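Data first, discussion second: the structure below is written as C-alpha cells.
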Amino acid sequence: MFRWFKTQKKSLPPIEPLRSEDFTNATPIYHFFTDLTGIHFHQKEATTTPKLIRFAKGHNCFSFEELIEKLRADLSVREDLINLLTVNETYFFREKGQLDFLARRSRTLSTPLRILCAPGSTGEEAYSIAIILAEQGNALANIEIVSIDINTEATQRGRAGLYSKRALHRLPDEIKERYFLVDNDSYCVEESLKRCVRFSSCNIFEKEFVELGVFDIIFSRNMLIYFDPHTVEKAVQQLKKAARDDQSLFFFGHADLIVTPSVLEAHFEEGIKYYTLKKV
Ligand SMILES: C[S@@+](CC[C@H](N)C(=O)[O-])C[C@H]1O[C@@H](n2cnc3c(N)ncnc32)[C@H](O)[C@@H]1O
C-alpha cells in the first residue's frame, strides 16, 4: 500500500523588487531651500550634495524627488534640513566695535530699550550686547533683547546659555568671572543676563517675524552674506518692519551689504557704520 503525500507548498512572502537609488539632480532641493530660507549655495553645491544624499537616505528617501515630497508634506523634515544646512558660526564680542558704539550711545538709559538680533544663532551676540550694556552701568531690567534664528537647535542652545571655552575666547577674564558660572569646561551665563534675553525660532521671511513687534536697535549680522542681492533687498524690507521709527539703528556684519539697500540710509560715526530708515 502506497501512501501518496502531497507536498505542501509553503506560501513565501512576495519578493519586493529592489529599489534603486537616484540622486542625480539636487537642483529642486536647492530651489526649495532657497525659497524657504533665502540661503543660496552658489559654489558650495559640490560639498553640500553629499550631505543632502545622506539626509535623504536617513529619511528613507531613494531619490531627491521623494525627498522633495517629504519636505513639502512634513514640517519636521523641513526643520531637520534647516538645522543641517544653516551655518551658525558665532562667538562672544564678535565685531565688538559696533557693540561699544551702541554702549556709548545708550549710556545710562532712562527709557527701556528693545534690541533685536536677527539672526542671533546660539545666543552669543545677544548675551554680548547685554554684557556691554550692563558694563556701562545700565540696569538690565530696562533692556529687552530678542534673539531669533531659523535654526531651532541654535535657539534652544541659546536659551540654555551653556558655552564652551572657544565661544568665549575674546572675553577678558574679569568679564568671564562677572557673568558666567564655570563648571569644568562649560560656561553658563548668569541669570540676570538670561532674564533680559528672549529666544525665538523664526524665519525672517515669515509672518511670525513681524509679530515680534518693533525695536530701537536691530542687529542683522552675518546672515545676508548667504543671500543673493535680490534676497538681501527682500530681507531688509522685512527688517524694516521691525524698526520702531526712523530713529531705530541698524547694524550689519562688515561683509553683509555691498550696496546700501533702497530703504536705508548709511551713517558713519566714530569709525562705525550704521543705518537708519530713509526718511520719505
Ligand atoms: C553665521 S550666523 C550669524 C550669527 C550672529 N549674528 C553673528 O554675527 O555672529 C547666521 C545665522 O543666520 C541664520 N539664518 C539664515 N537664514 C535665516 C532666515 N531666513 N531667518 C532667520 N535666520 C536665518 C542661520 O541659521 C545662522 O544661525
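All of the numbers you see were taken from the coordinates with simple rules; none came from a lab. Note that this is a predicted model, so its numbers are computed, not measured. A quick note on method: Cβ atoms are made from the backbone with ideal geometry, for glycine too, and the neighbour counts reach across all protein chains shown.
Here are the numbers:
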{"item": "As computed over the chain, the Cα convex hull volume per residue (Å³)", "result": "198"}
{"item": "Calculated log₁₀ intensity ratio I(q)/I(0) where the Debye formula runs over C-alpha points of the stretch 178-280, q = 0.10, 0.23 Å⁻¹", "result": "-0.36, -1.25"}
{"item": "In Hz, Karplus ³J(HN,Hα) per residue of the stretch 265-280 (6.51, -1.76, 1.60; θ = phi - 60°; x = Gly, Pro)", "result": "10, 8, 10, 9, 9, 6, x, 10, 9, 9, 9, 10, 5, 5, 6, 9"}
{"item": "Between 0 and 90°, nearest 10: helix 124-135 axis offset from the chain longest Cα axis", "result": "20"}
{"item": "Cα long-axis angle, helix 229-240 against the chain (0 to 90 degrees, to the nearest 10)", "result": "60"}
{"item": "Size of charge dipole - the chain - debye, nearest 20, with Cβ of Lys, Arg +1 and Asp, Glu -1, no other charges", "result": "880"}
{"item": "Rounded tilt (10° steps) of 45-58 against the dominant C-alpha axis of the chain", "result": "60"}
{"item": "Vicinal HN-Hα couplings computed from phi for the stretch 179-190 (Karplus, 6.51 cos²θ - 1.76 cosθ + 1.60; Hz; Gly/Pro x)", "result": "10, 9, 9, 9, 9, 6, 9, 9, 10, 10, 5, 5"}
{"item": "Which of D183, D216, D228 has the fewest Cβ neighbours within 10 Å, and the rest in rising order", "result": "D183, D228, D216"}
{"item": "Estimated FRET transfer efficiency when R0 is 22 angstrom, pair R244-N142 (beta carbons, to 0.05)", "result": "0.90"}
{"item": "Alpha-carbon centroid distance for the pair the stretch 254-280 / the stretch 225-251, whole angstrom", "result": "10"}
{"item": "Listed residues A235, L212, A139: farthest to the positive end of the dipole of the stretch 96-277 (Cβ charges)", "result": "A139"}
{"item": "The stretch 94-195: projected area of the alpha-carbon convex hull, averaged over directions, in nm²", "result": "6.2"}
{"item": "Neighbour-count order for C117, C196, fewest beta carbons within 10 angstrom listed first", "result": "C196, C117"}
{"item": "Estimated vicinal HN-Hα couplings, Hz - the stretch 32-41 in sequence order (Karplus 6.51, -1.76, 1.60; Gly, Pro = x)", "result": "4, 5, 5, 4, 6, 10, x, 6, 9, 9"}
{"item": "Ranking of I53, I129, I258 by count of other Cβ atoms within 10 Å, fewest first", "result": "I258, I53, I129"}
